[in-house]
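Undergrad: Following this message is one structure expressed as structure tokens.
The values are calculated or read from the model by the stated rules, or taken from the named source; none is laboratory data. The structure displayed is predicted, hence computed values, not measured ones. Positions of Cβ are backbone-derived with ideal geometry, glycine not excepted, and every protein chain shown enters the neighbour counts. Accessible surface areas use protein heavy atoms only, side chains included; no ligands, DNA or RNA. Shrake-Rupley method; radii C 1.70, N 1.55, O 1.52, S 1.80 Å.
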Amino acid sequence: MKVTRSRIKAIGKKLRNLDSTKTLSEDDLQDLTSWRNSHGPSLNYLLSVVEKEFLSNGLNIAEYFLTERLKRIFSMKLKLDRFENMQLSMMDDIAGARMVVPNFKNANDVFVRLKEKEFKYTLLKVNNYISVPKKDGYRSIHLVYRTNKDPSVQIELQLRSEIQHIWATAVEVFGTIVKTSFKTGDGEDDWRDFFKLLSTRFAIKEGTTVLAEHERYTVKQIDTMLISAIKTLNVFEQLTAYTSIYYSDWESKRKKGRVGKYALLILNNLTGHTDVEFYAEKNRLRGLKRYSDLEINYIESDDVNTVFISVDNMNKLVDAYPNYFMDTKRLVKYLADIVLGKF
């Protein structure tokens, strides 16, 4: 039986009101995960359209990666908490795809082509956070599509350059370190200011729009403020101290043959270990069931983060989700170049 929109709307109200003394019922969780999982086929179709379109237009598959994920229940709650008028049934990024390309020009070319592309999904909304960055420094292009099935669902496609991806995932890594969510407006002002300066410096590097609050500064002044923040916050030391304890043996599992189109990433902040479980196409539903079970067990905990994803090439797994491996190597390189005046 299909889960109705009114049923999901009601579950959304309960999810928004959850606290340490409440939890969703077993029936609520089952219906919520069933509804989330129902986005999967539509998401797969969108990715096939996108990949086919750009392979046929000369984009080198080695130069980009394309991923998909189904939104975590905890992330749904955070979004409901942030936007009091939002309804779960109308949330447009339950199913999300992301395309990361080498630079801004590539991202903009893809964006222009997608706006002109006609297929069986309707393009509902475009948010160009590269032309107009979010106030926290986030930069990307979001396209929201609506399917033609009944009931329809909405799917979000994100387009990012590599450097924009490094910034966005770095925010999540630091959020894990200090146990806060910078993307929802939490965290200390000094750290938020650091990320805003870094976003503007990356924008200058790409020749795109900087944050409005930084428009009056020269590149040299931005560099001076950014270097000062790096030193004051001990950014390099923080990264070394906290991320060095994390490890993963996922590559050895691949060598033993446990591979597939889908992967369940499990970041345990207590043990500092990231486990990866691979699932073939035929076992997708089993993987989704495992994902849901883990979420139910850790729905009110910051200690374990999980996500069920697909990557066009599993060799790009860490590049696609560095925040789940606490990997900051590329970020450190850029920060070092800034400090040394080589950026």
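Here is a yes/no grid of residues against (1) surrounded by 14 or more Cβ atoms within 10 Å (Cβ to Cβ); (2) over 17 Å from residue 311 (Cα atoms); (3) in contact with a Pro (Cβ under 6 Å, 6 or more places away or on another chain):
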| position | (1), (2), (3) |
| --- | --- |
| 9 | no, yes, no |
| 12 | yes, yes, no |
| 33 | yes, yes, no |
| 42 | yes, no, no |
| 83 | no, yes, no |
| 88 | yes, yes, no |
| 102 | yes, no, no |
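Undergrad: Hey, another quick one. Given the residues 251, 281, which is the only one that is more than 21 Å from residue 172 (Cβ to Cβ), open to solvent by 60 Å² or more (accessible area, probe 1.4 Å) and in contact with a Lys or Arg (Cβ under 6 Å, 6 or more places away or on another chain)?
TA: Step by step, each of 251, 281 is checked, and only 281 is more than 21 Å from residue 172 (Cβ to Cβ), open to solvent by 60 Å² or more (accessible area, probe 1.4 Å) and in contact with a Lys or Arg (Cβ under 6 Å, 6 or more places away or on another chain).
Undergrad: Test residue 271 against the stated conditions and say whether it is of a type in the set (Ser, Thr, Tyr) and surrounded by fewer than 16 Cβ atoms within 10 Å (Cβ to Cβ).
TA: Yes, satisfied.
Undergrad: I'd like the full set of residues that are more than 10 Å from residue 89 (Cβ to Cβ), more than 27 Å from the chain's Cα centre (by Cα) and in contact (Cβ under 8 Å) with a residue 24 or more places away in the chain, limited to region 1-15.
TA: Listed by number, the list holds a single entry, 2.
Undergrad: Quick check: anything in region 67-74 surrounded by fewer than 17 Cβ atoms within 10 Å (Cβ to Cβ), among the hydroxyl-bearing types (Ser, Thr, Tyr) and modelled with pLDDT of 90 or more?
TA: No.
Undergrad: If I go through region 183-215 residue by residue, how many of them are open to solvent by 20 Å² or more (accessible area, probe 1.4 Å) and either in contact with an Asp or Glu (Cβ under 6 Å, 6 or more places away or on another chain) or of a type in the set (Gly, Ala, Ser) (or both)?
TA: Of the residues in region 183-215, 4 are open to solvent by 20 Å² or more (accessible area, probe 1.4 Å) and either in contact with an Asp or Glu (Cβ under 6 Å, 6 or more places away or on another chain) or of a type in the set (Gly, Ala, Ser) (or both).
Undergrad: Also, I was wondering about something else. Please specify each residue of region 316-336 satisfying the condition of being assigned to a loop (DSSP other than H, G, I, E, B) and either at pLDDT 95 or above or open to solvent by less than 30 Å² (accessible area, probe 1.4 Å) (or both). Let's see the steps before the verdict.
TA: Step one: of region 316-336, the residues assigned to a loop (DSSP other than H, G, I, E, B) are 321, 325-328.
321, 325, 326, 328 - these are the residues of region 316-336 that are assigned to a loop (DSSP other than H, G, I, E, B) and either at pLDDT 95 or above or open to solvent by less than 30 Å² (accessible area, probe 1.4 Å) (or both).
Undergrad: Looking at residue 110 and the list (1) free of Cβ contacts under 8 Å to residues at least 40 places away in the same chain; (2) surrounded by 18 or more Cβ atoms within 10 Å (Cβ to Cβ); (3) of a type outside the set (D, E, K, R), which single condition is not satisfied?
TA: (1)
Residue-wise test of (1) among the charged types (D, E, K, R); (2) under 25 Å from the mean Cα position of the chain (by Cα).
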residue: 191; (1), (2): no, yes
residue: 194; (1), (2): no, yes
residue: 203; (1), (2): no, yes
residue: 210; (1), (2): no, yes
residue: 217; (1), (2): no, no
residue: 223; (1), (2): yes, no
residue: 238; (1), (2): no, yes
residue: 245; (1), (2): no, yes
residue: 249; (1), (2): yes, yes
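Undergrad: Taking into account only those residues within region 30-47 that are among the small types (Gly, Ala, Ser), part of a helix (DSSP H, G or I) and over 16 Å from residue 123 (Cα atoms), which is nearest to the chain's Cα centre (by Cα)?
TA: Looking at the filtered set, the residue picked out is 40.
Undergrad: Kindly provide the set of residues from region 232-285 that are β-branched (Val, Ile, Thr) and outside any helix (DSSP H, G or I), ordered by number.
TA: Within region 232-285, 245, 259, 266, 271, 274, 276 qualify.
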